[in-house]
Amino acid sequence: MTQSTARSAGTGTTRVRTHTWEAPTTYRDAGERSGLELIRLGLDGHLPPAPICGTLGFRLVEAEEGRAVFEGEPGEHLFNPMGTVHGGFLATLLDSALGTAVMSTLPAGRAYTTVQLGVNLVRPVFGDTPTLRCEGSTLHVGRTTATAEARVTGAEDGRLYAHGTTTCAVFALPEAG
């Protein structure tokens with residue numbers, strides 16, 4: 001990720017933020033592996049992270065069966081018009097941890113998709129807010145549905161910024177066609 005600053009006539013300082021990413025790997029591309037095996041391949045650097053991670057500035061840092069942890073860096077590039085970090089950043093961080101926690105429980109040949117996401121924002125996030133940590137854990141994983149919960153806290157001080165829940169549809173991967 002790179003970020004640069006330049007002067008712009010009349011409007012102050014213009015900033016430029018660029019990032020690169022590798023082509024994403026889908027479940028089907030990764031072969032007959034469980035969700036946890038795929039996640040571990042990503043953590044080890046053998047599979048590329050999802051492009052959304054680079055776009056918004058967060059990363060998967062831990063995973064085990066039924067649990068996933070992401071960390072993200074707030075910044076002014078995520079601001080809404082009020083000068084605080086947009087709630088969509090926190091919602092995406094929550095959705096990523098929730099979904100990855102569900103994925104970590106799935107056997108080879110099974111996938112998931114979010115069908116409901118509940119987000120509660122309890123504290124504003126500013127551009128200088130230190131690293132945020134989002135830990136998701138499953139509550140129920142069945143044959144066709146899964147539920148999970150997550151919390152976004154300050155990585156250093158443990159202050160709660162947001163919490164959320166998800167319901168996911170669990171399904172068999174369609175055959176390649």
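Restricting things to Cα coordinates, could you compute the convex hull volume per residue of region 118-177 in Å³?
Here the figure is 120 Å³ per residue.
Can you give the accessible area of residue 55 in Å² (nearest 10), computed on protein heavy atoms with a 1.4 Å probe?
Its heavy atoms expose roughly 60 Å² to the probe.
Subtracting the Cα-Cα distance from 0.36 nm times the residue separation, let me have the gained length for residue 16 to residue 77 in nm, one decimal.
21.0 nm
Over the alpha-carbon set of region 76-132, work out the extent along each principal axis and list the three values in angstrom, largest first.
If we take the Cα atoms of region 76-132, the spans are 44, 21, 19 Å.
Whole number in Å², please: accessible area per residue of region 8-82, 1.4 Å probe, ligands, DNA and RNA not counted.
Per-residue value: 62 Å².
For Cα pairs less than 8 Å apart in space and 6+ apart in sequence, what is the mean separation divided by the residue count of region 25-174, i.e. the relative contact order in percent?
24
Of all trypsin sites (Lys or Arg not before Pro) in region 86-177, which ones are in loop regions per DSSP and have a Cβ with at most 16 other Cβ atoms within 10 Å?
143, 159
Carbon and sulfur: what percent of the chain's accessible surface (1.4 Å probe)?
Of all accessible area on the chain, carbon and sulfur atoms account for 51 percent.
List the GluC sites (Glu not before Pro) within region 71-177 that fall in a DSSP loop (any state other than H, G, I, E or B) and whose Cβ has at most 14 other Cβ atoms within 10 Å.
156, 175
Helix-derived [θ] at 222 nm for the chain: sum -39500 (n - 2.57) over DSSP H runs of at least 4, divide by residue count, nearest 500?
-5500 deg cm²/dmol
The values are calculated or read from the model by the stated rules, or taken from the named source; none is laboratory data. It should be emphasised that the depicted structure is a prediction, and the values quoted were computed from it without experimental measurement. All Cβ positions, even for glycine, are placed from backbone atoms using ideal geometry, and neighbour counts span all protein chains on display. Heavy atoms of the whole protein, side chains included, go into the accessibility calculation; ligands, DNA and RNA do not. Shrake-Rupley method; radii C 1.70, N 1.55, O 1.52, S 1.80 Å.
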